[in-house]
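What follows draws every value from the coordinates through simple rules; no lab data is involved. Bear in mind that the values here come from a model prediction, so they are computed numbers and not experimental data. Neighbour counts run over all protein chains shown; Cβ positions are idealised from the backbone, glycine included.
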Amino acid sequence: MQKLETKPLTLIVLGFHALSDPLRLQVLDLLRSQERCVCDLCEALEVTQSKLSFHLKALKEADLVRARQQGRWIYYSLNLPQLVVLEQYLAEYRRFSPMVPVRVCRDD
């Protein structure tokens, strides 16, 4: 496996940490199809804005979502290139590790 630079490694760690929370995964699922306003996310997830802002901060620090302000609202969208970075990181393990064969159980 290639040696990773400190900044990309930090983003990988932050990315997997961000993905470890069920609410943050729900946020990402909601953002799959379109950009959403924070108020829409709160409504869809049935959480307060203060609770959601904590989780959005973790997603932004991991560079998994992007935020843009329009008027008084902030809109969030997926940062797909960073999700690809996490996917490629995991793919390196699959590429260089021996694959475990699927075991078939037989009824005797």
Among the candidates Ala58, Ala18, Ala62, which residue alone is in contact with a Lys or Arg (Cβ under 6 Å, 6 or more places away or on another chain) and of a type in the set (A, V, I, L, M)?
Ala18
Among the helices (runs of 4 or more DSSP H) contained in the range 18-83, which hold 1 or more residues that are without any contact (Cβ under 8 Å) to a residue 60 or more places away in the chain, touching a helix residue (DSSP H, G or I) at 6+ places or on another chain (Cβ under 7 Å) and under 26 Å from Pro8 (Cα atoms)?
22-31, 49-61
